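Before any comments, here is the structure.
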Number of protein chains: 2
Amino acid sequence: MNLRELQYLVAVDEHRHFHKAAAACFVSQPTLSGQLKKLEQELGVQLVERNTRQVVMSAAGREVADQARLILAEVKMLKEIAQQHANPLAGSLHIGLIPTIGPYLLPHVMAALRRALPELKIWLHEYQTAVLLERLRQGELDVLVLALPVETGDLVVHDLYREPFRLAVERNDPLSRQAAVTLGDIQDANLLLLEEGHCLRDHVLDVCLAAGAGRKTDFHASSLETLRHMVGEGMGMTLMPELAVPEKVRRNELIRYVPFVEPKPTRRVAMVWRKNSHRQQAFEAVANTIRESLPVRVYF
Amino acid sequence: MNLRELQYLVAVDEHRHFHKAAAACFVSQPTLSGQLKKLEQELGVQLVERNTRQVVMSAAGREVADQARLILAEVKMLKEIAQQHANPLAGSLHIGLIPTIGPYLLPHVMAALRRALPELKIWLHEYQTAVLLERLRQGELDVLVLALPVETGDLVVHDLYREPFRLAVERNDPLSRQAAVTLGDIQDANLLLLEEGHCLRDHVLDVCLAAGAGRKTDFHASSLETLRHMVGEGMGMTLMPELAVPEKVRRNELIRYVPFVEPKPTRRVAMVWRKNSHRQQAFEAVANTIRESLPVRVYF
DNA sequence: TATACTGATAGATAATATCTATCATTTGGA
DNA sequence: TCCAAATGATAGATATTATCTATCAGTATA
């Protein structure tokens with residue numbers, strides 16, 4: 001049985017005339033007659049009673065034709081589902097971002113993404129790096145925005161930008177009065193860190209290593225905002241990604257975000273997607289829009 | 001697009017392995033791979049992202065596979081509908097009967113029909129002859145039981161039985177005391193008739209013509225039961241089909257059903273069906289069962 | 001009686017599904 | 001590190017099916 005046979009049967013039901021039904025299906029009358037006969041043989045039941053006056057649908061033929069109509073409608077629906085997906089700059093795009101990037105990057109770029117890719121329905125998912133990678137591999141997510149390095153295996157890595165860190169200190173800290181700090185300045189610093197699982201923790205630890213093993217507190221924060229509050233309470237200092245730094249310094253701000261001298265410590269932010277994905281066109285469009293929308297404080 | 005391609009896609013979704021999916025579909029792996037590729041080309045969207053580690057369904061692939069599953073289930077349903085119709089002694093059979101036959105014939109034969117054809121679901125429809133013939137031609141009814149003659153055109157006419165009439169008279173009528181009556185006895189009789197549309201009316205009129213123009217009242221009854229009541233009220237007499245005559249005469253019965261002498265006036269009862277119908281086997285089975293179940297008071 | 005119309009059949013052709021053989025790439029085990 | 005196994009893809013050949021045109025048989029109409 002195939003869909004063409006069902007189309008022929010529905011056409012015969014509607015036209016009650018083999019020649020007209022064949023014309024409606026864009027085939028010859030013997031083709032339609034033969035295919036209909038084949039369908040009847042396969043189903044083991046007569047669907048159409050023919051004579052030279054009028055084609056009569058049997059009871060079976062009417063019920064089967066009704067069911068065939070249903071099936072053909074569902075097939076049309078399947079094609080519509082595919083059509084929706086076929087335009088890579090249309091349809092759904094599931095983006096995963098790590099929590100130290102998402103809330104600070106998106107406000108800069110969402111408006112531009114909506115303008116540049118109006119037919120794309122962007123779904124945002126925020127998880128830590130390991131979870132993101134697993135869901136990407138499973139196909140639940142289409143593309144990730146995260147900080148390198150990670151174990152990407154055969155995934156495609158597409159650089160986005162390089163983001164410098166600033167030193168976040170309590171406003172009464174002596175370092176807050178410097179125009180810029182060096183890694184040496186944090187050699188003996190009490191640094192606050194994110195909890196295990198956040199790659200930012202590893203990045204900050206890498207910077208500490210470069211600075212000569214700065215002292216680290218045992219208290220861990222679950223988010224950058226929690227870190228921020230702890231710094232404001234004078235519990236220690238931390239490295240803050242540039243996009244997480246407020247653009248306007250308020251008069252009673254508890255925290256000073258002091259830049260480093262060059263070469264500043266930075267983290268690489270990249271998009272990652274599966275090598276076999278055919279939506280590379282969409283991913284590159286998203287990457288270009290993000291780069292064009294970033295403030296000049298981050299590098300390419 | 002065809003149903004096999006949908007089966008292949010669903011199999012790949014379930015197995016996440018081209019070789020296993022191909023085996024499940026009883027085709028070779030290159031066949032499945034090629035057909036899936038053809039489907040993707042036709043739909044214009046990638047459904048499956050392949051690599052040598054694990055097959056990943058794209059978002060489009062998952063949605064299309066879900067829809068394909070739905071379609072394949074509906075196709076199964078269509079085959080079940082056909083299967084139900086394929087056994088001619090099973091499934092539904094729509095029988096049309098005229099009102100002067102149905103209520104009097106069916107009590108004699110329904111039990112036997114149920115025993116003889118247990119898988120047949122008999123639907124009964126009661127209309128006058130013209131309506132029955134139209135619905136038969138339109139395919140709404142499969143077979144008719146009616147009295148001849150009718151304009152059957154190219155329909156198949158299959159004799160069932162010949163049903164004699166009795167003379168129904170009020171019990172105080174002098175004719176009620178005769179063992180049998182002749183057509184001459186009703187020559188001056190006041191005969192009651194069914195209304196227009198009932199072929200029994202025409203049959204009774206034919207008998208009157210044979211008897212020599214018996215007088216006829218202008219009042220018409222809509223059913224045999226109404227006729228019966230009118231006879232009981234002494235309004236006149238009528239011809240009653242044999243099967244409409246109660247088998248037991250009650251002591252206070254108002255009506256006497258007096259038989260005619262031979263050759264008795266009769267009507268031919270037949271089954272009628274469309275020449276092209278392929279359920280002749282079922283119709284003949286029904287006819288045989290009816291004939292075997294009739295009381296001996298009717299002829300073949 | 002002849003022509004037109006209907007659906008069916010036959011043989012030829014076009015299109016498609018499926019096969020086997022083999023390829024390219026990746027992975028795992030020795 | 002090398003070789004074999006496993007994966008999905010491609011190529012060419014074959015089998016199967018869909019469709020064509022020509023024509024048939026039966027019916028209806030002018």
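The values are calculated or read from the model by the stated rules, or taken from the named source; none is laboratory data. All values derive from a computational prediction rather than experimental measurement. Here the Cβ positions follow ideal geometry from the backbone for every residue, glycine too, while neighbour counts run over all protein chains shown. Please note that ligands, DNA and RNA were not included when accessible areas were found on the heavy atoms of the full protein model with its side chains. Shrake-Rupley method; radii C 1.70, N 1.55, O 1.52, S 1.80 Å.
Values for this structure:
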{"read-out": "Centroid-to-centroid separation of the range A:7-71 and the range B:139-169 [C-alpha atoms, Å]", "value": "31 Å"}
{"read-out": "Loop GluC sites (Glu not before Pro), the range B:241-275, which have at most 11 other Cβ atoms in a 10 Å radius of their Cβ (DSSP)", "value": "B:E247"}
{"read-out": "For the range A:161-266, the fraction of alpha-carbon pairs in successive 10 Å shells from zero, as %", "value": "15, 54, 29, 1"}
{"read-out": "Charge-dipole axis of chain B as Lys and Arg at +1 and Asp and Glu at -1 on Cβ define it, positive-most pick from B:G61, B:A24, B:Y127", "value": "B:A24"}
{"read-out": "Chain A: angle of helix A:280-293 to the longest principal axis, Cα-based, in degrees nearest 10", "value": "40 degrees"}
{"read-out": "Principal axis dimensions, largest first and in whole angstrom, of the range B:89-300 by Cα", "value": "53, 34, 28"}
{"read-out": "Test item: Cα-centred dipole of the range B:89-300, Lys/Arg +1 and Asp/Glu -1 on Cβ, debye", "value": "580 debye"}
{"read-out": "Where GluC sites (Glu not before Pro) fall in DSSP loop in the range B:111-206, at most 15 other Cβ within 10 Å", "value": "B:E119, B:E140, B:E151, B:E195, B:E196"}
{"read-out": "Partner chain coverage, peptide A:37-48 - average Cβ within 10 angstrom", "value": "3"}
{"read-out": "Kirkwood hydrodynamic radius over Cα pairs of the range A:1-97, then Stokes diffusion coefficient at 37 °C and 0.692 mPa s, in µm²/s", "value": "219 µm²/s"}
{"read-out": "Mean separation of Cα contacts under 8 Å (6+ apart) over length of chain A, as relative contact order %", "value": "21 percent"}
{"read-out": "Filtered trypsin sites (Lys or Arg not before Pro), the range B:7-82: DSSP coil and at most 15 other beta carbons within 10 Å", "value": "B:R16, B:R50, B:R53"}
{"read-out": "Accessible heavy-atom area order of B:Y104, A:Y127, highest first, probe of 1.4 Å", "value": "A:Y127, B:Y104"}
{"read-out": "Copy-to-copy label separations for B:E233, where each label sits 7 Å from Cα toward Cβ, in nm and ascending", "value": "10.3"}
{"read-out": "Translational diffusion coefficient (Stokes-Einstein; Kirkwood radius from C-alpha pairs) of the range A:65-111 at 4 °C, 1.567 mPa s, in µm²/s", "value": "92 µm²/s"}
{"read-out": "Which of A:T289, A:S277, A:F260, positive extreme of dipole for the range A:254-300 (C-beta unit charges)", "value": "A:S277"}
{"read-out": "Normalised contact order of the range B:16-76, rounded percent, pairs of Cα under 8 Å and 6 or more residues apart", "value": "23 percent"}
{"read-out": "Computed [θ] at 222 nm, deg cm²/dmol, chain A (DSSP H ≥ 4; -39,500 (n - 2.57); rounded to nearest 500)", "value": "-13000 deg cm²/dmol"}
{"read-out": "For the range A:44-57, Karplus couplings with θ = phi - 60° (6.51, -1.76, 1.60), whole Hz, Gly/Pro x", "value": "x, 8, 7, 9, 10, 9, 10, 8, 8, 8, 8, 7, 10, 7"}
{"read-out": "Volume in Å³ per residue [convex hull over Cα atoms, computed for the protein assembly as shown]", "value": "266 Å³"}
{"read-out": "Solvent accessible area, Å² - B:D159, 1.4 Å probe, full protein context", "value": "80 Å²"}
{"read-out": "Long pairs among A:K79/B:K76; A:K121/B:K76; A:K76/B:K121, criterion Cα-Cα beyond 26 Å", "value": "A:K121/B:K76; A:K76/B:K121"}
{"read-out": "Built amide H within the under 5 Å cut-off of A:L160, gap 5+", "value": "A:V269, A:A270, A:M271"}
{"read-out": "Relative contact order (%) - the range B:1-104, alpha-carbon pairs under 8 angstrom, separation at least six", "value": "23 percent"}
{"read-out": "Using alpha-carbon coordinates, inclination of helix A:59-86 to the longest axis of chain A, degrees", "value": "30 degrees"}
{"read-out": "Label spacing, shortest first and in nm, from A:N252 to its equivalents in the remaining copies (7 angstrom along Cα→Cβ)", "value": "10.8"}
{"read-out": "Alpha carbon convex hull of the range A:56-168, volume per residue in cubic angstrom", "value": "164 Å³"}
{"read-out": "Degrees, to the nearest 10: B:29-43 long Cα axis against longest axis of chain B", "value": "80 degrees"}
{"read-out": "Candidates A:H94, A:H198, A:H17, ranked by Gaussian network fluctuation over chain A, Cα under 10 Å, top entry", "value": "A:H17"}
{"read-out": "Cα-centre dipole for the range A:30-149 with unit charges at Cβ (Lys and Arg positive, Asp and Glu negative), debye to 20", "value": "380 debye"}
{"read-out": "At 7 Å out from Cα toward Cβ: A:D159 inter-copy label distances (nm, ascending)", "value": "10.2"}
